[in-house]
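Reading through the C-alpha cells given below for one structure.
The values are calculated or read from the model by the stated rules, or taken from the named source; none is laboratory data. Treat the numbers as computed from the prediction; the structure is a model and nothing was measured. Every residue, glycine as well, gets a Cβ built from its backbone with ideal geometry; the counts of neighbours run over all protein chains shown. Ligands, DNA and RNA are stripped out before the accessible areas are found, and what is left, the full protein with its side chains, is counted by its heavy atoms. Shrake-Rupley method; radii C 1.70, N 1.55, O 1.52, S 1.80 Å.
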Amino acid sequence: MSHPSPPAAALTRDAAVRLRRVSRWARAFSYAAGLLMFFGLIWLWTDPEALASHARSAIGLANAPIAPSPRGYWAAFALAWVPAAFFILAMLRLGNLFRAFGEGRVLVDENATRLAQVGWLLAGFGAVTPVVRAAQSLALTFDNPGGQRQIAIMLDPGIFAALAAGATLIAFGLVLREAIRLSDENQSFV
C-alpha cells in the first residue's frame, strides 16, 4: 500500500524548519565551546591548585616546584591566550557558518571558505599548543633557583585531534568549494 507523497513545497518547508533547528543548536554549542574556553582559561589561571595540576600534567612540569614569580605567572598566562584565541575564533567562525546554514544559505562559496577557515584555526590551535606549553614551562620556572628551571615539551592526543580535525575541515571546505563550482557549471548548461 503506497502513501501519497506530500507536495514538494511541504517537504522543502519541513526541511527548512529542521535545518534552522539543527543549525540553531549547533550554533549554540559552538558559541558555548568558545565561552567555555574563555572562562575556563580564566578559572584555571586564578585557581592555584588547578594551575599546579595543569602545570604538572599538561605543561609537563612534573618535578619542578610550582611557585612562579609574578613575571613568570603573567608571561605564562599571556601565552595561554595564544592557542585559546585560535580555538575561540574557530568556534565563532563555526557559529557563523551554522547561522548561514540556518538562514538557508547552504551550498554557497562563502560557506566553503568559512569551513576552511575553521579548519585552519583548529590546525593553528593544534600547532601552537605544544610550542606555547614549552614556553610556559620556561616562564613558570625561569625565576626558580639554578637547577630547578625546566623546559618541557608535551604532545597529547588532543593536539593530534585538533590537527586532524583542522585538516579534515580544510579538505572538506576545498571539496565543498569544488562541488559548488561544478553544480554552478552544470546549472549553466541547463
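Annotations
- Region 69-95, residues that are free of Cβ contacts under 8 Å to residues at least 24 places away in the same chain and open to solvent by 50 Å² or more (accessible area, probe 1.4 Å): PRO70, TRP74, ALA78
- Matching residues, region 137-153, being of a type in the set (D, E, K, R) and either open to solvent by less than 80 Å² (accessible area, probe 1.4 Å) or under 9 Å from PRO68 (Cβ atoms) (or both): ASP143
- Consider region 29-66 and keep the residues that are touching a residue at least 12 places away in the same chain (Cβ under 8 Å) and over 25 Å from LEU155 (Cβ atoms). The one that is surrounded by the most Cβ atoms within 10 Å (Cβ to Cβ) is SER30.
- For region 96-124, the candidate set comprises residues that are outside any helix (DSSP H, G or I) and out of contact with any Leu (no Cβ under 9 Å at 6 or more places or on another chain); within that set, the residue that is least open to solvent (accessible area, probe 1.4 Å) is VAL108.
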